[in-house]
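Novice: Let me give you the structure first, and then I'll get to my questions.
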Amino acid sequence: MNTKKILVGVSGGVDSSVCVDMLKKQGFEVYGAVINFNKHSDSAIADARKVCEHLHIPICVIDAKESFEKNVIDPFCQNYIDGKTPNPCVICNPLVKMKSLCDKADEMGIYNIATGHYAQLEEIDGFIHVKKAISPNKDQSYMLYRLPQEILKRLILPLGQYDKSEIRQKAQEIELFTADKPDSQEICFIPDGNHAKYIEEKGYKVKKGFFISPEGKKLSQHKGIHNYTVGQRKGLNIALGKPAFVKEICSNGNILLGYAGDEFFTGVVLSNPVYTTGKLFEKGTKFTVKVRSASKGDDAFIEECDNEKIIFRFAQPVRAAAKGQSVVIYDDNIVMGGGFIIEAIPFKNN
């Protein structure tokens, strides 16, 4: 394997574009690869080609449509049907995006791969850990927590020590047309942001049921559980005399509502845990955990831990812990592992 060559995942955005230029300046022989995830990838592929032409590097297109459908889209839809709130990027990165880059690199005899993610990597005791980016507003370490060592050892993340404004400045200096291109905000395979419509058009049978008041009373029928997320307040069309929100989405189709103060949880149970070092955590160990990608982090203690699940107790109650979302475990700024929420333990305010 050639370690001076590197395969960069180019998306047609400013981050991956600058990533290419930075690696070239570091002396790498850079090759670009853009991934064809689905029918919505056409514009990204076109922009990626323009970037690579401008930067004078070869580019290839990786067809990952089948893998993306199987590993990302189908579980995404099924999670919503089951009353969960998934994060598709967390699944895509290890199973599709990074794996596709590694597989293509293998074909080309290249060892290293790179992406424009805002995160850092650090070797500790022989293990490669994902580390938070310098810029807290752009940090994407949460999205990379499930990457295995075989990928992390090959991965280079040049953007982790920069702020977004610095990256845009670098893009302007090398006259990239992506310099002022807006950041993508929506789910890549649902450009209009209407995930409920997307799930219905995919042919999934949606579950309908009733809103249940905080007192346990059956209220009006809702539009289907795939239209709602835990913590949602707007669009419920329910009059209870005071503001209410979605507290829990039940797999039987009902939606439990709560009042202000009911949105807090004292702990979570996680399934499908991953451990960066492969070692289980000791009971009572304190970590900082993020229950959402935008969370600043909350202190929590290991209550139970094995290869099937992790149970955390929060030092202080945490709001809106939704089933299906990932909890990512940090020791300071270092990712130690994580898992998917299968149960949120409610805070009882007596």
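The values are calculated or read from the model by the stated rules, or taken from the named source; none is laboratory data. As the structure is a computational prediction, the values presented were derived from the model and not from experiment. Positions of Cβ are generated from backbone atoms using ideal geometry, with glycine treated the same way; all protein chains shown enter the neighbour counts. Protein only, heavy atoms only, side chains kept; ligands, DNA and RNA dropped before computing areas. Shrake-Rupley method; radii C 1.70, N 1.55, O 1.52, S 1.80 Å.
Novice: Of all residues in the range 42-66 being open to solvent by less than 60 Å² (accessible area, probe 1.4 Å) and part of a helix (DSSP H, G or I), which is farthest from Thr229 (Cα to Cα)?
Specialist: Looking at the filtered set, the residue picked out is Cys52.
Novice: Continuing with the same structure: Could you pull out the residue among Asn254, Asn272 that is surrounded by 15 or more Cβ atoms within 10 Å (Cβ to Cβ) and either closer than 20 Å to Ile345 by Cβ or in contact (Cβ under 8 Å) with a residue 12 or more places away in the chain (or both)?
Specialist: Asn254
Novice: I've got another one for you. Exactly one condition in (1) in a loop (DSSP other than H, G, I, E, B); (2) open to solvent by 20 Å² or more (accessible area, probe 1.4 Å); (3) over 22 Å from Val20 (Cα atoms); (4) in contact (Cβ under 8 Å) with a residue 40 or more places away in the chain is false for Gly203; which is it?
Specialist: The single condition Gly203 does not satisfy is (4).
Novice: Of the conditions (1) within 25 Å of Gly12 (Cβ to Cβ); (2) part of a loop (DSSP other than H, G, I, E, B); (3) touching a Cys at 6+ places or on another chain (Cβ under 9 Å); (4) not acidic (Asp, Glu), Cys89 fails just one. Which one is it?
Specialist: So Cys89 meets the others, but not (2).
Novice: Tell me whether the range 17-24 contains one or more residues that are open to solvent by 50 Å² or more (accessible area, probe 1.4 Å), outside any loop (DSSP other than H, G, I, E, B) and farther than 22 Å from Gln140 by Cβ.
Specialist: Checked the range 17-24: at least one residue is open to solvent by 50 Å² or more (accessible area, probe 1.4 Å), outside any loop (DSSP other than H, G, I, E, B) and farther than 22 Å from Gln140 by Cβ.
Novice: Next question, about the same structure. Name every residue in the range 311-345 that is in a strand (DSSP E or B), at pLDDT below 95 and of a type in the set (Lys, Arg), in order of residue number.
Specialist: Once the filter is applied, which keeps residues that are in a strand (DSSP E or B), at pLDDT below 95 and of a type in the set (Lys, Arg), the range 311-345 yields only Arg319.
Novice: Hey, another quick one. When you look at Arg313, is it closer than 22 Å to Ala260 by Cβ, in contact (Cβ under 8 Å) with a residue 12 or more places away in the chain, surrounded by fewer than 23 Cβ atoms within 10 Å (Cβ to Cβ) and charged (D, E, K, R), yes or no?
Specialist: Considered against the rule, which asks whether it is closer than 22 Å to Ala260 by Cβ, in contact (Cβ under 8 Å) with a residue 12 or more places away in the chain, surrounded by fewer than 23 Cβ atoms within 10 Å (Cβ to Cβ) and charged (D, E, K, R), Arg313 comes out as no.
Novice: Kindly provide the set of residues from the range 45-67 that are under 20 Å from Cys102 (Cα atoms) and among the aliphatic types (A, V, I, L, M), ordered by number.
Specialist: Ile45, Ala48, Ile57, Ile59, Val61, Ile62, Ala64
Novice: If I go through the range 288-320 residue by residue, how many of them are aliphatic (A, V, I, L, M) and within 15 Å of the chain's Cα centre (by Cα)? Show your work before the answer.
Specialist: Start the filter on the range 288-320 by keeping residues that are aliphatic (A, V, I, L, M), which leaves 289, 291, 294, 300, 302, 310-311, 315, 318, 320.
After this cut, where a residue has to be within 15 Å of the chain's Cα centre (by Cα) as well, the list is 289, 291, 294.
Total meeting the criteria: 3.
Novice: Please state which one of Phe210, Phe245 is in contact with a Leu (Cβ under 8 Å, 6 or more places away or on another chain), over 12 Å from Ile81 (Cα atoms) and open to solvent by 60 Å² or more (accessible area, probe 1.4 Å).
Specialist: Values: Phe245 fails: open to solvent by 60 Å² or more (accessible area, probe 1.4 Å).
When all the criteria are applied, what remains is Phe210.
Novice: State whether one or more residues within the range 119-127 are farther than 29 Å from Gly278 by Cβ, at pLDDT 95 or above and over 16 Å from the mean Cα position of the chain (by Cα).
Specialist: Within the range 119-127 (the criterion being farther than 29 Å from Gly278 by Cβ, at pLDDT 95 or above and over 16 Å from the mean Cα position of the chain (by Cα)), the answer is no, since none of the residues qualifies.
Novice: Considering only the range 284-306, state which residues are open to solvent by less than 30 Å² (accessible area, probe 1.4 Å) and in a loop (DSSP other than H, G, I, E, B).
Specialist: Those that are open to solvent by less than 30 Å² (accessible area, probe 1.4 Å) and in a loop (DSSP other than H, G, I, E, B): Val291, Ser295, Gly297.
Novice: Now for a separate question. Looking only at residues that are crowded, with 16+ Cβ neighbours inside 10 Å and of a type in the set (Gly, Ala, Ser) in the range 213-230, which one is farthest from Lys242 (Cα to Cα)?
Specialist: Among them, the one singled out is Gly224.
Novice: Taking Asp192 as meeting all but one of (1) surrounded by fewer than 19 Cβ atoms within 10 Å (Cβ to Cβ); (2) touching a Lys or Arg at 6+ places or on another chain (Cβ under 7 Å); (3) part of a loop (DSSP other than H, G, I, E, B), write down the number of the exception.
Specialist: Here Asp192 clears every test but (2).
Novice: Now for a separate question. Which residue out of Leu101, Leu157 is touching a residue at least 24 places away in the same chain (Cβ under 8 Å), touching a His at 6+ places or on another chain (Cβ under 6 Å) and among the aliphatic types (A, V, I, L, M)? It would help to see each step written out before you state the result.
Specialist: Details: Leu101 fails: touching a His at 6+ places or on another chain (Cβ under 6 Å).
It is Leu157.
Novice: Can you find a residue that is in a strand (DSSP E or B) and open to solvent by less than 30 Å² (accessible area, probe 1.4 Å) anywhere in the range 276-283?
Specialist: Among the residues of the range 276-283, not one is in a strand (DSSP E or B) and open to solvent by less than 30 Å² (accessible area, probe 1.4 Å), which makes the answer no.
Novice: Report yes if some residue within the range 67-80 is open to solvent by 20 Å² or more (accessible area, probe 1.4 Å), part of a loop (DSSP other than H, G, I, E, B) and modelled with pLDDT of 95 or more; otherwise report no.
Specialist: So in the range 67-80, the residues open to solvent by 20 Å² or more (accessible area, probe 1.4 Å) come out as 67, 69-71, 74-75, 78-79.
Okay, now just the ones that are also part of a loop (DSSP other than H, G, I, E, B), so none.
There is no residue in the range 67-80 that is open to solvent by 20 Å² or more (accessible area, probe 1.4 Å), part of a loop (DSSP other than H, G, I, E, B) and modelled with pLDDT of 95 or more.
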